[in-house]
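Worksheet: the structure to be examined is printed underneath.
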Amino acid sequence: MSAKPKIAFYEFTSCEGCQLTVVDSLQLYPELLEAVDIVRFREAMSEMGDDYAIAFIEGSCSRPSDEAPIKAIREKAALVVALGACAHLGGINTIRNRHDLGEVRRFVYGDKAEWYDTYPARPISAVIKVDAAIPGCPIDRHEFVRTVKRLLQGRAPELPDHPLCVECKLKENVCLYLRGTTCLGPIVRAGCDAICPTYGDSCEGCRGLVPNPNIEHLKEVLTEHGLSVDQTLAKMTQFLTYQVMEMEAAGHGDPQPAH
């Protein structure tokens, strides 16, 4: 009988791109396969074991029928990790939360709309307690490996608590604001090596907000560069709709970071 920690991967509403990144990670760090026993991983194996200590969940909870299996995973696993933006934040799936769900179903499924049950999409932490999260869309392969190593050592994973702008400065990137482009870098959690701004694309917030994001300062920066506040804040709905709507429901002026 193996003494290795047993690990399982589960997927709900997602593209499963984060699990494909895990496959890439295991190719780069094959020694991980010697340290753990993967008992369930649809992207890489056909076996489906139900005895595991650590469960990685990709995807958001978007149907009433998702709740029971998510809770069952929580009951079995000693540790549950939200894998990627959809599981961590609700992600792109939550964009539909601002629309009538009946209309959304009809738009997607046409005359078969009533075949598909749905409700407002939520992050996994809205259904069960999550012990750790690996943010991003998709996740960063190196961050995944670091997280697994810390979990195996009995240590809590650590996420950067500083904004993406720090990484842009370290890479000596020209600030996108100076190019007349909006960017969420000042309020979004670092850790992706500023990959999007480095290639000229603005940050869309897939890693979530930093603790206590300074939204007012972001507005000041926008004004200084003659850019629309609404133009940037609207970008928060791509990955952060769930958090923005929670803020609105609570009557706060600024969104709060997801826990």
- Note on the structure: Quick calc: nm separation of the 7 Å Cα→Cβ label points for THR181 and GLU67 -> 4.2 nm
- In terms of modelled amide H atoms, which long-range or inter-chain residues lie less than 5 Å from the amide H of LEU209? ARG189, ALA258
- Note on the structure: Phi angles of the stretch 65-78, converted by Karplus (6.51 cos²θ - 1.76 cosθ + 1.60, θ = phi - 60°) into ³J(HN,Hα) in whole Hz with x for Gly and Pro, give 6, 6, 5, 4, x, 5, 5, 5, 4, 4, 5, 7, 8, 6
- Additional length obtainable on full extension of the chain from MET48 to LEU28, 0.36 nm per residue less Cα span: 4.8 nm
- Task: State whether the stretch 1-72 is rounded, prolate or oblate according to the following rule on the C-alpha gyration tensor (a ≥ b ≥ c being the square roots of its eigenvalues): a/c under 1.5 gives rounded; otherwise a/b larger than b/c gives prolate, and the remaining case gives oblate.
- Result: oblate
- Can you give the net charge of the other residues whose Cβ lies under 14 Å from the Cβ of PRO120, counting K and R as +1 and D and E as -1? -2
- Task: For the stretch 234-242, just list the computed ³J(HN,Hα) in residue order, Karplus coefficients 6.51, -1.76 and 1.60, θ = phi - 60°, integers in Hz, with x standing in for Gly and Pro.
- Result: 5, 5, 5, 7, 5, 10, 10, 4, 4
- Note on the structure: Restricting to Cα pairs under 8 Å and 6 or more apart, the percent relative contact order of the stretch 6-152 works out to 29 percent
- Could you put TYR109, TYR199 in order, starting from the residue whose Cβ has the fewest other Cβ atoms within 10 Å? TYR199, TYR109
- Item | Relative contact order [Cα under 8 Å, 6+ residues apart], the chain, whole percent | 18 percent
- Orphan Cys of the chain, criterion: no other Cys C-beta under 4.7 Å: CYS15, CYS18, CYS61, CYS86, CYS165, CYS168, CYS175, CYS183, CYS192, CYS196, CYS203
- Query: Which order do peptides 155-168, 6-19 fall in by mean Cβ count within 10 Å, highest first?
  - Reply: 6-19, 155-168
- Note on the structure: The convex hull of the Cα atoms of the stretch 164-250, divided by residue count, gives a volume in Å³ per residue of 89 Å³
- Once the Cβ-Cβ distance between ALA78 and VAL229 is put in as r, and R0 is 45 Å, what FRET efficiency do you end up with, to the nearest 0.05? 0.50
- Query: Per-residue HN-Hα couplings for the stretch 141-153, Karplus 6.51 cos²θ - 1.76 cosθ + 1.60 at θ = phi - 60°, whole Hz, x for Gly and Pro?
  - Reply: 4, 5, 5, 4, 5, 4, 5, 4, 4, 5, 5, 5, 8
- CYS61's amide H: which non-local residues (gap 5+, or another chain) put their own amide H closer than 5 Å, with H modeled 1.01 Å from N in plane and none for Pro or chain starts? ARG122, ILE124
- Message: Cβ neighbours within 10 Å, averaged per peptide: list 119-125, 71-77 in order, most packed at the top.
- Response: 119-125, 71-77
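Throughout, read-outs are computed from the coordinates displayed, never taken from laboratory work. Fair warning: this is a prediction, and the values are worked out from it, not measured in the lab. Cβ coordinates were reconstructed from backbone atoms using ideal geometry, including for glycine residues, and neighbour counts include every protein chain displayed.
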